[in-house]
1. Any idea which of (1) in contact with a strand residue (DSSP E or B) (Cβ under 7 Å, 6 or more places away or on another chain); (2) modelled with pLDDT of 95 or more; (3) farther than 22 Å from A:S184 by Cα is the one B:A206 doesn't satisfy?
2. Condition (residue is of a type in the set (F, W, Y), under 23 Å from A:D280 (Cα atoms) and out of contact with any His (no Cβ under 6 Å at 6 or more places or on another chain)) applied to the stretch A:35-49: is it met by at least one residue?
3. For residues that are surrounded by 21 or more Cβ atoms within 10 Å (Cβ to Cβ) and modelled with pLDDT under 95, scanning just the stretch B:16-38, find the one that is farthest from B:I214 (Cα to Cα).
4. Every residue in the stretch B:186-204 that is under 14 Å from the mean Cα position of the chain (by Cα) and of a type in the set (A, V, I, L, M, F, W, C), please.
5. Would you pick out the residues in the stretch B:244-278 that are part of a strand (DSSP E or B), within 23 Å of the chain's Cα centre (by Cα) and facing another protein chain (nearest Cβ under 10 Å)?
6. From the list B:R164, B:R81, pick out the single residue that is surrounded by fewer than 21 Cβ atoms within 10 Å (Cβ to Cβ) and away from every other protein chain (no Cβ under 14 Å).
7. Mind listing whichever residues of the stretch A:173-208 are within 25 Å of A:L253 (Cβ to Cβ), in contact (Cβ under 8 Å) with a residue 40 or more places away in the chain and either surrounded by fewer than 24 Cβ atoms within 10 Å (Cβ to Cβ) or of a type in the set (G, A, S) (or both)?
8. Somewhere in the stretch A:70-78, is a residue more than 21 Å from the chain's Cα centre (by Cα), among the aromatic types (F, W, Y) and away from every other protein chain (no Cβ under 14 Å)?
2 protein chains.
Amino acid sequence: VAESIRRLEIRGAPAIGVAAAYALVLAVQDHASPDAGTPERRFREAVSHLATTRPTAVNLFTALKRMQTCFEAIRTTDPLRIHESLLGEARAIERDDREACAAIARYGAPLLKGVSAVLTHCHTGSLATAGGGTALNIIIEAATRGRLKRVYVDETRPLLQGARLTTWELMQHGIDAVLITDSSAGFVMQQRNTEAVLVGADRIAANGDTANKIGTYGLAVLAEKHGIPFYVAAPVSTIDPELASGGEIPIELRAPEEITHLRGVQIAPSGVSVYAPAFDVTPHGLITAIVTDKGVLYPPFDEAIRTVSKAGAANVERTV
Amino acid sequence: VAESIRRLEIRGAPAIGVAAAYALVLAVQDHASPDAGTPERRFREAVSHLATTRPTAVNLFTALKRMQTCFEAIRTTDPLRIHESLLGEARAIERDDREACAAIARYGAPLLKGVSAVLTHCHTGSLATAGGGTALNIIIEAATRGRLKRVYVDETRPLLQGARLTTWELMQHGIDAVLITDSSAGFVMQQRNTEAVLVGADRIAANGDTANKIGTYGLAVLAEKHGIPFYVAAPVSTIDPELASGGEIPIELRAPEEITHLRGVQIAPSGVSVYAPAFDVTPHGLITAIVTDKGVLYPPFDEAIRTVSKAGAANVERTV
């Protein structure tokens with residue numbers, strides 16, 4: 001599972017969290033070999049291993065923490081009870097994410113009232129979460145309610161999540177997905193062809209600064225320039241209240257080959273230098289609103305996040 | 001030649017103009033078959049055909065006009081004289097472009113005094129012109145003078161001119177080319193990793209509005225946001241003083257397959273809608289300076305362009 005997360009076979013911040021939780025269940029139940037060590041050792045090794053896969057999305061670490069809290073409470077009991085408890089917690093994490101997706105769509109769709117075309121980046125749908133998605137779920141909900149007609153989809157280089165996944169999900173829902181290159185977004189806004197931009201998030205700092213797929217920051221600047229609302233959609237679990245601002249969010253650098261090669265075909269000269277950040281940070285001042293599963297947050301985000309984080313923490317405790 | 005221009009085997013606004021001029025020489029000399037018509041008919045048909053290949057870059061139309069002016073002056077003379085005159089004019093167009101490239105580098109390099117890293121988009125080097133290039137020639141000249149060390153190169157989807165051509169040319173000159181995805185440019189600027197942005201131009205209106213490869217507008221907005229100078233480099237022949245503003249510049253739409261497929265590999269779902277503008281227009285207010293072969297133009301661009309266009313027109317007449 002760790003290797004699948006590292007290779008982006010499992011990707012999307014919420015989906016990574018859910019997968020990591022189930023991976024810890026597999027870790028303790030995998031005790032066929034006597035060399036595998038105690039359940040506790042296997043659990044702790046798996047936590048360490050999973051924590052190294054992707055540095056930016058906080059959902060991974062939130063899920064690992066929830067599973068650790070669960071484990072500490074029952075680690076002295078028998079293996080069967082440990083396994084059952086961890087499985088229960090993983091299922092709770094999955095269920096929470098599924099419910100969060102539904103709540104995000106419910107809270108977000110009214111923001112698109114009267115909007116006929118939006119633009120989105122990367123992929124934030126059902127293939128990236130345990131439920132219907134975050135930003136994409138809002139879009140699908142708004143289209144279902146009959147107002148939204150067209151979605152401009154950034155292809156999202158280098159791994160083309162927009163071209164491959166977002167277009168596909170929208171087409172499954174019968175929504176007009178218009179694929180564009182990432183650098184066409186400015187022109188689409190300049191021509192007044194989109195009335196809002198919606199994106200997901202991999203980690204949100206206490207002040208609202210948001211790490212998301214590389215290119216998100218540029219979209220936010222363009223949206224500001226054109227007076228177009230810029231919405232971030234993510235469950236409260238994506239907020240990391242321990243980080244004061246986005247400058248503290250670690251930004252993952254990916255392998256050069258993700259840019260110089262495409263499906264094994266070389267598309268740049270051998271030996272060229274490559275800079276491949278997987279994410280960027282959008283300062284809170286460029287964000288119109290953050291749609292969470294606990295409601296829509298508006299500036300000043302630090303206050304809104306303080307309030308919702310407390311509610312969120314209470315909620316997490318309740319599910320454990 | 002027309003087909004090669006249409007397929008972008010010959011691309012880069014200046015190179016298209018030069019190639020079209022030589023294509024007209026081929027048109028009049030190709031009279032082996034009696035069915036081919038008179039030199040005049042062949043010339044006029046070739047002009048019409050070439051004019052349909054690419055709508056945005058003005059260099060094509062400027063070159064066709066120069067060849068037409070030349071043809072009108074000698075069309076009643078004998079075929080050998082017609083051929084010689086047209087060949088002379090095509091060579092003059094090529095020479096003018098080569099000299100323009102050198103002049104642009106000379107005028108532009110001082111703008112990068114003290115600059116150690118720049119960012120560029122698409123490809124504006126020797127493979128796009130008859131000489132050393134426009135924006136890329138400035139970059140190479142500045143690096144040769146020993147100040148400039150690093151060039152961030154947008155890969156430039158969909159056809160990857162940056163990844164394939166710009167990186168290669170810079171590497172030939174021993175300059176550190178750092179390949180990035182187009183959507184990473186904002187992050188590079190946010191991190192203060194680039195001190196200037198340089199791009200070419202396909203058509204410049206009388207007020208300085210500039211059509212260039214899709215994505216240029218977004219870069220200009222980002223450069224403004226970060227207080228980074230944004231330079232356009234192009235010969236005076238790229239200015240179209242007949243167009244009052246950029247809104248009148250025709251924007252070419254390319255085939256969907258250029259985005260949905262890469263080297264024959266399908267990278268998006270079958271049947272997806274695609275919007276594939278090849279260019280966008282950067283309003284003059286976002287441009288710090290336009291580096292031409294007649295000097296550096298500064299705002300107010302309408303005045304500067306009026307002055308330099310007259311000088312340019314005089315210069316064109318002199319070469320004919």
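1. Condition not satisfied by B:A206: (1).
2. The answer is no, given that none of the residues of the stretch A:35-49 is of a type in the set (F, W, Y), under 23 Å from A:D280 (Cα atoms) and out of contact with any His (no Cβ under 6 Å at 6 or more places or on another chain).
3. Step by step, filter the stretch B:16-38, then rank; the result is B:V28.
4. B:L198, B:V199, B:A201, B:I204
5. B:P277
6. Testing whether each residue is surrounded by fewer than 21 Cβ atoms within 10 Å (Cβ to Cβ) and away from every other protein chain (no Cβ under 14 Å) leaves just B:R81.
7. A:A185, A:G200, A:A201, A:A205, A:A206, A:N207, A:G208, listed by residue number.
8. Looking through the stretch A:70-78, at least one residue is more than 21 Å from the chain's Cα centre (by Cα), among the aromatic types (F, W, Y) and away from every other protein chain (no Cβ under 14 Å).
The values are calculated or read from the model by the stated rules, or taken from the named source; none is laboratory data. It should be emphasised that the depicted structure is a prediction, and the values quoted were computed from it without experimental measurement. A quick note on method: Cβ atoms are made from the backbone with ideal geometry, for glycine too, and the neighbour counts reach across all protein chains shown.
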